[in-house]
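Participant: This is the structure I want to talk about, given as structure tokens.
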Amino acid sequence: MLNIELARARRVCEVTRDTEHWLSVVALSDALTAYYASDTRVYRAAQSVGITDEQWQVIKHGEVK
């Protein structure tokens with residue numbers, strides 16, 4: 001999803017020369033990268049206190065069917 005938005009924004013910015021738009025999509029990319037890093041950190045912390053992979057999936061995604 002993010003790669004698609006980056007490509008769209010790049011094309012738009014090449015035509016419009018709108019730097020603010022490009023900076024916004026870069027900020028979005030940076031925020032998503034930080035979120036993924038945080039998610040990994042929290043997952044590892046959960047594992048360290050004994051939460052299993054199955055329990056983690058229920059925590060993150062709701063009831064496992």
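Participant: For the chain, find the longest principal axis of its Cα atoms and tell me its angle to the long axis of helix 2-16, 0 to 90°, nearest 10.
Facilitator: For 2-16 against the chain, the angle is about 10 degrees.
Participant: Glu20 versus Trp56, label points 7 Å from Cα toward the beta carbon: distance in nm?
Facilitator: Label-label distance for Glu20 and Trp56, simple model: 4.1 nm.
Participant: If you fit an axis through the alpha-carbon atoms of helix 19-48 and take the longest principal axis of the Cα set of the chain, what angle between them do you get, 0 to 90°, nearest 10?
Facilitator: 10
Participant: Using Cα extents along the principal axes in Å as the read-out, say which of (i) 39, 34, 20; (ii) 37, 23, 17; (iii) 52, 25, 12 was calculated from these coordinates.
Facilitator: It is the one labelled (iii).
Participant: Grab the Cα-Cα distance for Val12 and Arg41, subtract it from 0.36 nm times how many residues apart they are, and report the gain in nm with one decimal.
Facilitator: Values: separation 29, 0.36 × 29 = 10.44 nm, distance 3.49 nm.
Result for the pair: 7.0 nm of gain on full extension.
Participant: Using just the helices of the chain, give the 222 nm mean residue ellipticity in deg cm²/dmol: DSSP H runs with n ≥ 4 each add -39,500 (n - 2.57), and the total is spread over all residues, rounded to 500.
Facilitator: That comes out to -28000 deg cm²/dmol.
Laboratory data are not the source of any read-out in this text; all were calculated from the coordinates shown. What you see is a predicted model, and the numbers here were worked out from it, not measured in a lab. Note: ideal-geometry Cβ built from the backbone for every residue, glycine included; neighbour counts use all protein chains shown.
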